[in-house]
Amino acid sequence: MKSSIKHISLILLALVFQISIKAQTRDVITLRNGWKFSKGHHPEAVSPEYNDNSWEEVTVPHDWAIYGPFDKEIDKQVVAIEQNGETVATEKTGRTGSLPYIGEAWYRTSFTLPNADQNKKVLIAFEGAMSEPEVFINGTKVGEWKYGYAYFYFDISDYISNSKTNTLAVKLSNKGLSSRWYPGAGLYRKVQIIVKDKQSIDHWGTYITTPMITDQMAKVNIKTKVSGAQLRLVTDILDANGNTVASNTSETLYGNEFDQNIALEHPNLWSPETPYLYTAVSKLYARDILKDEITTRFGVRRIQYDRNTGFSLNGEITKFKGVCLHHDLGPLGAAVNTSALRRQLRILKDMGCNAIRSSHNMPSMEQLELCDEMGFMFLAESFDEWKKPKVENGYNLYFDDYAEKDVVNLVRATRNHPSIVMWSSGNEVPDQWGSEGVKRAKWLQDIFHREDPTRPVTVGMDQVKAVMENGFGAIMDIPGLNYRVHLYEEAYETFPQGFILGSETASTVSSRGIYKFPVEIASMKTYPDFQSSSYDLEYCSWSNLPDDDFVLQDDKPWVIGEFVWTGFDYLGEPTPYDEAWPSRSSYFGINDLAGLPKDRYYLYRSRWNIEDETLHILPHWNWEGREGETTPVFVYTSYDSAELFLNGKSLGIQKKDSSTHQNRYRLMWKDVKYQPGTLKVVALDKHGNAAAEKEIKTAGKPYQLILEPDVKTIKANGEDITFVTVSVVDKNGIPCPTATNQLEFKVKGKGSYRAACNGDATSLEPFHLPTMKLFSGKLVVLVQSTTQAGDIELTVSGKGLKTGKIKLKSY
Ligand code: GAL
């Protein structure tokens, strides 16, 4: 009896916390709070009577595996990674992050339907469930899916109770050998209940395109799929200030679809520089009774892929200065979080990046919304595998039954986002070999075209010789090459499209703040500390250096851009340390796993950010024991030349030239002999006059902790996060670039400690515990809001160091 009272009170609590956005006609309930979670096999948990008191309370989005512990045994595999050109199987660790994502787990929650009656239709929608979700309502299975990255929904009208509390149980199972990176685990994206009239707009039923755009006018075509009879659709288009700028009423149904063309005068165009958004408000009436109302944001922009001019946005030739991103958010794991995504995009925006590729799967809705708002073009990808396996339990298990459904859902759920300018049906699929693969490529591309005739389709192709021979490359709308810079020219000559996209480039490896000597270009180079050198000269056997791509981007008008592997480090795939425990995350990132920029950030920034000046010196200047030894200095800058000074003495002027790929994009003083002190670079303008300067100094002993939040105020919604960069300086305020002090974190007031990350790919410290070592003098602490507004204080302390404190606010 006692436990059932507790059970009921928990349900009530759960209901209070449900976030409900009430429109006039439909309810959208985001099931965020009040979830119970348990790992293991719990088939009896489908029953509404099941007692889940002992289960953990969680909020969704949730990633059950990110709390670790890291464990070598979890993903130990004896395999040859064929995509990396390996032929002999060896022991691999850390491939999927060495986090406990494998196995079965259950989630339970309950909900009531505020305005439900016999005339309502009720849907449950998932934006991603890792993986093989099975969904039960009130004890009955209502549906299942397979792919952990897919969006899907079920009509649950026949299974719910309108008057009583409904119980939802979700079973998830992750197989081992199912991924090439850390996939995350659990309900890591939104889950929503949608209650609407039976006569209503279909889920994902709105499709907005802008087939004609001039300065004077845009033709906005809105197709709206509906259910019901004697219907009338009224659509208003609102500008960014919420003013109605055009309207249309339609009573003609083509099958179950309204097809409206609305003239929008003097349209504001969407672009990365001016991400202007309109909103369409669609109201559905049945005999003058309002039955449904939804809003859809869209943009007016023209994309063209032309065999002579390449890619143009709104009539202007534009190259993709893009990065590939995995879905994990470092210390947050796969659990989607808007603040973390926004921070990533801010960092990338400052770098001059204009495009994102969601490698190698469906992006989160939150990420697409931010890209629409902040101005990033988007390459939305679907699969890393088709029918031929890369990993034993990968998508190959589902391809036949699910590929079409997964593509359809991807397109229908996301096609109104102006940011999306291209689809990708696959990445380096082994099906590039053989005629069956060519048919599959065509079949998938046709599905994309059927669902969205306005955007082209690419595949990231790495078997370039094979796809030149068998026709695979020729049928793609956009031939995307992954690496293989030496084959670009030949592929361009061979393929009919007239242009090539660098769908995946560079895969240069580095560890933030770590420099190795001698400084030399090297492939698959490893060191005893399992780090890679931040001189940005190390790459993989299949890949190359950033400068090699820059040359192609700059010299070949038919190369339409690149997507660098990767914008941020991610969990898993610790190449070149695939066999070296405890490496457990990537070295590919332009930014590390904590989101802190590596030197490479400034190399890309110097070329991509054409508005702002870049002047960055590397390495750091704390080389006790290397006095007199050759310690090359590189400068990444938007200027063409600069003069370097060590302790006031000139080490000469360097100028960019075309003698090597590196000389063209970097200023390098290769023979500097290390002496402690001040290293200063003075950038020179075209006339040889000093235009900017920057200096770095040798630091003394770590003395004081410095805290810098990315934002000082956060929303009191229990989700918002501020990312506080913690660094240590000496008595004179000079950053200590090699400090590794163990730090402790405390959060007081209306916030909580969420996680920390130092970007060290070999660290086994769990992210969620309030202690961590500095790596190369830095780490990042994530402070999350509660649902109450007020003051928050973060204190960071370390033995022998002056404590750092910062006051934050939530509202
Ligand atoms: C590519 C692959 C990526 C990643 C990368 C590492 O071949 O598409 O997923 O594995 O290599 O360099």
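The values are calculated or read from the model by the stated rules, or taken from the named source; none is laboratory data. The structure displayed is predicted, hence computed values, not measured ones. Glycine gets a Cβ as well: all are built from the backbone with ideal geometry, and neighbour counts include every protein chain shown. Accessible surface areas use protein heavy atoms only, side chains included; no ligands, DNA or RNA. Shrake-Rupley method; radii C 1.70, N 1.55, O 1.52, S 1.80 Å.
The residues of the chain present an accessible area of 38 Å² per residue when probed at 1.4 Å with all protein chains retained. Amide H to amide H, with H built 1.01 Å from N, Val672 comes under 5 Å of Thr631, Val633, counting only residues 5 or more places away or on other chains. Evaluating 6.51 cos²θ - 1.76 cosθ + 1.60 at θ = phi - 60° for every residue in the range 36-44, the Karplus couplings come out as 10, 9, 8, 6, x, 9, 10, x, 6 Hz, glycine and proline recorded as x. Calculated FRET efficiency, Asn221 and Glu57, Cβ-Cβ r, R0 41 Å, to nearest 0.05? The calculated FRET efficiency here is 0.30.
Calculate what fraction, in whole %, of the accessible area of the range 303-608 sits on carbon and sulfur atoms when a 1.4 Å probe is rolled over the protein chains.
Ligands and nucleic acids excluded, carbon and sulfur reach 48 percent.
Summarising the amide proton neighbourhood of Leu651: residues at separation of 5 or more, or on other chains, whose placed amide H is nearer than 5 Å comprise Leu644, Phe645, Leu646.
Computed over the alpha-carbon pairs of the chain, the distance histogram in 20 Å steps reads 15, 48, 32, 5, 0 percent, short to long.
Given 0.36 nm per residue, what is the gain on full extension from Glu273 to Asp155 after removing their alpha carbon distance, in nm?
Length gained between Glu273 and Asp155: 38.5 nm.
Model label points for Asn647 and Tyr254, set 7 angstrom from Cα along the Cα-to-Cβ axis, are 7.8 nm apart.
Does the range 728-805 come out rounded, prolate or oblate by the C-alpha gyration tensor, with a ≥ b ≥ c the root eigenvalues, rounded set by a/c under 1.5 and, if not, prolate when a/b is larger than b/c and oblate if not?
Working: a/c = 2.52, a/b = 1.44, b/c = 1.75.
Cα axes put the range 728-805 in the oblate bin.
Since only Ile81, Tyr539, Tyr101 are under comparison, the one whose Cα sits farthest along the positive direction of the charge dipole of the chain, derived from C-beta charges on Lys, Arg, Asp and Glu, is Tyr101. Accessible surface for Glu504 stands near 10 Å², nearest 10, in the context of the full protein assembly shown (1.4 Å probe). Against the main long axis of the alpha-carbon atoms of the chain, helix 399-414 sits at an angle near 90°.
Annotation: for a label point projected 7 angstrom from Cα along Cα→Cβ of Asp288, residues of the range 227-243 with backbone N closer than 16 Å are 230-233. Taking all protein chains as they are arranged and a probe of 1.4 Å, the heavy atoms of Lys748 leave approximately 120 Å² accessible to solvent.
Amide H contacts of Val711 (H built 1.01 Å from N, in plane; Pro and chain starts excluded): Phe723 sit under 5 Å, all sequence-distant by 5 or more or on other chains.
Taken about its Cα centre, the chain carries a charge dipole of roughly 2060 debye when the Cβ of each Lys and Arg holds +1 and the Cβ of each Asp and Glu holds -1. Annotation: aspartates and glutamates with alpha-carbon distance below 15 angstrom to Lys802 (same-chain offsets under eight excluded): Asp730, Glu744. Here Lys750 is the anchor, and the lysines within straight C-alpha reach of less than 16 Å, apart from those fewer than 8 places off in the same chain, are Lys712, Lys715, Lys805, Lys807, Lys809.
For the range 597-677, a/c is not less than 1.5, where a ≥ b ≥ c are the root eigenvalues of the C-alpha gyration tensor, and a/b tops b/c. That puts it in the prolate class. For the range 303-608, the alpha carbon convex hull comes to 127 Å³ per residue, rounded to a whole number. Among Arg415, Arg287, the sequence by solvent-accessible area, most first, with a 1.4 Å probe is Arg287, Arg415.
Sequence-ordered 3J(HN,Hα) estimates for the range 368-375 from the Karplus curve with 6.51, -1.76 and 1.60 and θ = phi - 60° stand at 5, 4, 5, 5, 4, 6, 8, x Hz, glycine and proline given as x.
Pairs with C-alpha atoms separated by more than 29 Å, drawn from the list Lys225/Lys388; Lys319/Lys465; Lys673/Lys731; Lys223/Lys388; Lys673/Lys799; Lys283/Lys442, are Lys225/Lys388; Lys223/Lys388; Lys673/Lys799; Lys283/Lys442. Rounded to whole Å, give me the distance from the Cα center of the range 748-808 to that of the range 652-703. Each part's Cα centre sits 34 Å from the other's. Phi angles of the range 167-178 translate, via the Karplus equation with coefficients 6.51, -1.76, 1.60 and θ = phi - 60°, into HN-Hα couplings of 9, 10, 10, 10, 9, 10, 9, 10, 8, x, 6, 10 Hz per residue; Gly and Pro are given as x.
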